[in-house]
Amino acid sequence: MRRPCTALALTAAALAALTALTACSGAAAAPQDTRAPTTPTGLTATAGSATTVHVMWSAATDDRAVTGYAVYRQGRKIKDLPAGTLMTDVTRLAPATPYTFTVRARDAAGNLSPDSAAVTATTPAASAEDRTAPTRPTALRLTPAGPDAVTLAWRPARDDTRVTAYDVYQSGSRIHTVPGTATEARVTGLRPATAYSFTVRARDAAENSSPDSDAVPLTTPAVPGHRPATAPTGVTVRAAEGTLTVTWTPPRTATPVKEHQLHLNGRFATTIVWGADPGPGPVSYTLTVPATPGVRYALTLRAKLPDGTWGDFSTPVTVVTV
């Protein structure tokens, strides 16, 4: 009969003698992980201003799990990032200078992949006196590219010097950057049957950013076997002094939805719970916010489903405090 392990107070000498033991008698040591992740692919580098470069890549794979990425500039490591991060801004660069970047993937055992293919970006010359922002991009349109991707296209912005980059935002967070000569961007890694909202900003070499383009919503197509859309619908927001009143219709499920999460600018803000059946909707909730005028909030909601999991996020709605 196997007996439970017993915790012992060990002296330093006893600890040294037992370093090879990993568990109670009969437990086998885990095999050592010596296999490195695959090489990250699809690396791109885009100069967004005279002092910044936006670096992106596609995820690597591992026989267990990729735990992070290391970003290198001119062969020297400059950033360590978690596994879920596939892009970064490299800042404090010199104007009018070429820079070369590579990326390596890392697993929990510390194994590093080979270097990705190197890419080079040259920062534009500085325009220290430039304080004029570009005009906003117009005519933004979205085209689904399957259940997990979308292509954005827009009419170019204008600037007194030149537009050096376009930044793509989703729910108020920048998710992609393309060169200032581009008028299209492809965003991947989306979820099927999920509501999103995108905007685009233009940027010049002096880091002046344009106003947002009009926000355009998109719900990605469903795939066979994927659960039906579970996002709250009909979301509206009314701003008053120090408050935001949100109104929406809960998703239809087998039993009443009594709990929702509210997120502001992509961050969890509060949980809304009804003690009784709130009915089919619409329902409302008033949230207290700082009484500062001109603050922009992007609000999303998701419902707790009968199986205990959280459903899809609603389409983001943006409001500016009065």
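Structure data summary
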{"read-out": "Which listed residue is at pLDDT below 95 and of a type in the set (A, V, I, L, M, F, W, C), from ALA105, ALA118, ALA83", "value": "ALA83"}
{"read-out": "Selected residue [farther than 22 Å from THR230 by Cβ and touching a Gly at 6+ places or on another chain (Cβ under 9 Å)] from PRO290, PRO316, PRO251, PRO282", "value": "PRO290"}
{"read-out": "Considering residues of region 144-175 that are outside any strand (DSSP E or B) and in contact (Cβ under 8 Å) with a residue 60 or more places away in the chain only, the residue surrounded by the fewest Cβ atoms within 10 Å (Cβ to Cβ)", "value": "GLY146"}
{"read-out": "Residue in region 40-54 that is part of a strand (DSSP E or B), at pLDDT below 95 and at positive phi present", "value": "yes"}
{"read-out": "Residues that are among the charged types (D, E, K, R), in contact (Cβ under 8 Å) with a residue 40 or more places away in the chain and in contact with a strand residue (DSSP E or B) (Cβ under 9 Å, 6 or more places away or on another chain), drawn from region 176-215", "value": "ARG186, ARG201, ARG203, ASP204, ASP212, ASP214"}
{"read-out": "Only listed residue being part of a loop (DSSP other than H, G, I, E, B), surrounded by 13 or more Cβ atoms within 10 Å (Cβ to Cβ), at pLDDT below 95 and among the small types (Gly, Ala, Ser), chosen from ALA128, ALA133", "value": "ALA133"}
{"read-out": "Top-ranked residue of region 182-229 - restricted to ones that are among the β-branched types (Val, Ile, Thr) and assigned to a loop (DSSP other than H, G, I, E, B), ranked as modelled with the lowest pLDDT", "value": "THR194"}
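Table: residues versus (1) assigned by TED's automatic domain parsing to the domain that holds GLN170; (2) in contact (Cβ under 8 Å) with a residue 24 or more places away in the chain; (3) of a type outside the set (D, E, K, R); (4) not in a strand (DSSP E or B).
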{"residue": "GLN261", "(1), (2), (3), (4)": "no, yes, yes, no"}
{"residue": "THR270", "(1), (2), (3), (4)": "no, no, yes, no"}
{"residue": "ASP277", "(1), (2), (3), (4)": "no, no, no, yes"}
{"residue": "PRO293", "(1), (2), (3), (4)": "no, yes, yes, yes"}
{"residue": "ALA298", "(1), (2), (3), (4)": "no, yes, yes, no"}
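The values are calculated or read from the model by the stated rules, or taken from the named source; none is laboratory data. Note that the structure is predicted; figures quoted are calculated from it, not measured. For neighbour counting, all protein chains shown are included, and Cβ atoms are generated from backbone atoms with ideal geometry for every residue, glycine included.
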